[in-house]
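These notes are about the structure you will find just below.
Values in this text are rule-based calculations from the coordinates and carry no lab data. Note that the coordinates shown come from a computational prediction; the quantities given were computed from them, not determined experimentally. Please note: Cβ atoms are built from the backbone with ideal geometry, for glycine as well, and neighbour counts cover all protein chains shown.
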Amino acid sequence: MTKYSIVIPTMWKPDNFKLNLQKLYNLDFVDEILIISNDAPAFTEFGSKVRVLQQESNIGVNPAWNLGLSESRNEDVVLLNDDFDFDRQKFFKGVEKYKDDYAIIGIFHHKELIQEEILSLAGRTHAYGCCMYINKANYISIPEQLKVYFGDDWLVTVNMLRGKKIGGLTNILTNDIQSITSRNFYSHIMYEFHDYMKLINEHYNHNYRYSIVVPFHHTSSDIKTVNSLLDSFEQQTFKDFEIILIHDGPNPFSKALNLNRPYDIKYIETEKRYNDWGHSLRQVGISKIATGEYVFTINCGNILYANALEHIEKFAKEGASIKRVLQHPENRTFLWDSRDIIIFPIWLIGQIPSGVYDQHNNIQLLRERNNTSAKTIITGNPCVPNNIDCMQFVMKRCRWVQYGGWYSKNRNADAEMFPRFVSENMGAIYVDEILGEHL
């Protein structure tokens, strides 16, 4: 059987660390255990398999992983939390069986019994970084800006962008502890999230500046309406974009679509009908097909003005970015500077102000009028429910992927997700011109 090196960063806080260490030590296929000690050791009796790399101060878990990989004598390495208990025999048996097929293998946490031994994952899942197998050939050193968080995200995402598969072993019992130590550094997470997104964006292959995802079903958007929307994209004054047109299930009228366009258009029909307001189609387009640096979605009945992309691009490049000067937990000044989210105002057709004011969200509520001449402006600012629509929201693809794409399937998914995105980005860039209509 393969010989493994185990890398364990620790600050010696968990009560079960010594027992977990002994269980690992007794495994014949564990060839060495590297303890990256970020604090004074709580015990000092170790066997010959153990090497303690004592640090003068706490270097953080991600630098500890980097150090452990550089110091390990084996090519096959497991990164392990000091407080994590799991079925070791079953885990290493699974790793041995599947390690040639997957760049990284972790544990897929779930409540139900799953028939498959391993699942191919679309990104990092719950508690994935607690226990991860990786071969040195697939270990891309974690950037120094990331000390505590997003190390597992980095390794997973960079390998996926290299075309590698990420695996999650199923039905493995664990104590489901998510790093007691790292919780003490939670104040760092927003700073490192900002750095992570900037760093990971550089690894994406952007074939276009913008990807526009268009979900539809022939019963709600007739072919004439769809073709008319596709015609309108030809009028865009900014040309660096792709259209991803997705039909909900098999389309009996697909031959009537005019897909011969001067821009790149990808047309997809899903194998089954989801019938969930287009949310699953948006998820497919964003997570599996889009190659633009920025991604947004528009419905077939909506209108995007001819100068829309040009104006969005102006703000993406030249507009005042979000800047927040904050005090870092280590008494360092931190500048949050983001161009990840852009929001533009639109006309909302058939609705007018109701005269009722929502004090909590600081907006006036609207009421429907069965009259196409009735309209009002929704700015998306503030980004709160009843003041934002999916067509207004433009976000970098790397951010969509980080969040799991269009993850909500609720009726008002955009009103649920967008405020979260803007809040965690500490704001958005707001365009100053109306760029479309929502019918």
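If r is the Cβ-Cβ distance from Asn307 to Thr219 and R0 is 25 Å, what FRET efficiency results, to the nearest 0.05? Walk me through the numbers on the way to the answer.
Working: r = 32 Å, r/R0 = 1.29.
That pair, Asn307 with Thr219, gives E of 0.20.
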Ordering of 126-135, 163-172 by burial proxy (mean other Cβ atoms within 10 Å per residue, highest first): 126-135, 163-172
- request: On a 0 to 90° scale, report how tilted helix 189-201 is relative to the longest principal axis of the chain, with both axes built from alpha carbons and the result rounded to the nearest 10.
  value: 70
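So in the chain, what percent of DSSP beta bridges are antiparallel if you round to the nearest 5? Don't jump to the answer; show the numbers that get you there.
Numbers: 33 of 74 bridges.
Of the beta bridges lying entirely in the chain, close to 45 percent run antiparallel.
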- line: The alpha-carbon center of the stretch 47-87 and that of the stretch 285-308 are separated, in whole Å, by 44
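Determine, from the Cβ-Cβ distance of Asp240 and Trp12 and an R0 of 60 Å, the FRET efficiency 1/(1 + (r/R0)^6), rounded to the nearest 0.05.
Values: r = 53 Å, r/R0 = 0.88.
The calculated FRET efficiency here is 0.70.
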message: Using 0.36 nm times the number of residues separating Asn412 and Tyr263, minus their current alpha carbon distance, what extension gain do you get?
response: 50.5 nm
- request: Along each of the three principal axes of the Cα atoms of the stretch 4-185, give the extent in whole Å, ordering the values from largest to smallest.
  value: 42, 34, 31
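For the stretch 4-185, give me the percentage of DSSP beta bridges that are antiparallel, rounded to the nearest 5 percent. All intermediate terms of the calculation are to be shown ahead of the outcome.
Details: 11 of 30 bridges.
Taking every DSSP beta bridge within the stretch 4-185, about 35 percent pair in antiparallel fashion.
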query: With θ set to phi - 60° and the Karplus curve 6.51 cos²θ - 1.76 cosθ + 1.60, what are the ³J(HN,Hα) couplings of the stretch 41-58 in order, to the nearest whole Hz, using x for Gly and Pro?
result: x, 7, 8, 10, 8, 9, x, 5, 6, 9, 10, 9, 9, 7, 9, 5, 8, 6
query: Per residue of the chain, what 222 nm ellipticity follows from adding -39500 (n - 2.57) for every DSSP H run with n ≥ 4, rounded to the nearest 500?
result: -7000 deg cm²/dmol
query: What is the helix-to-structure angle for 61-71, meaning the angle in degrees between its Cα long axis and the longest Cα principal axis of the chain, kept from 0 to 90 and rounded to the nearest 10?
result: 50
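Under 1.5 on a/c is rounded, so check that first for the stretch 370-432, then, if it is not, pick prolate when a/b is larger than b/c and oblate when it is not; a ≥ b ≥ c are the square roots of the alpha carbon gyration tensor eigenvalues. Each step should come with its number before you reach the end.
Values: a/c = 2.28, a/b = 1.56, b/c = 1.47.
Prolate, since a/c reaches 1.5 and a/b exceeds b/c.
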- line: If one compares the long axis through the Cα atoms of helix 223-233 with the longest principal axis of the Cα atoms of the chain, the angle in degrees, nearest 10, works out at 80
message: Give the lysines reachable from Lys288 as a straight Cα distance under 25 Å; neighbours fewer than 8 places away on the same chain don't count.
response: Lys99, Lys164, Lys165, Lys198, Lys239, Lys255, Lys266, Lys272, Lys396, Lys409
field: Cα-based shape type of the stretch 78-212, given that a ≥ b ≥ c are square roots of the gyration tensor eigenvalues and the cut on a/c is 1.5
entry: oblate
message: Taking 8 Å as the Cα distance limit and 6 or more residues as the minimum spacing, I'd like the relative contact order of the chain as a percentage.
response: 13
task: For the stretch 392-408, take each phi angle, set θ = phi - 60°, evaluate the Karplus expression 6.51 cos²θ - 1.76 cosθ + 1.60, and give the result in whole Hz per residue in order, putting x for glycine and proline.
output: 8, 9, 10, 9, 4, 4, 4, 6, 4, 4, 4, 7, x, x, 7, 7, 8
task: Could you check the simple spin-label distance between Ser120 and Ile434, using points 7 Å along Cα→Cβ, in nm with one decimal?
output: 4.7
- prompt: Say each of Ser423 and Phe46 gets a label point 7 Å from the Cα, pointing the same way as Cα to Cβ; how far apart are those two points in nm?
  reply: 4.3
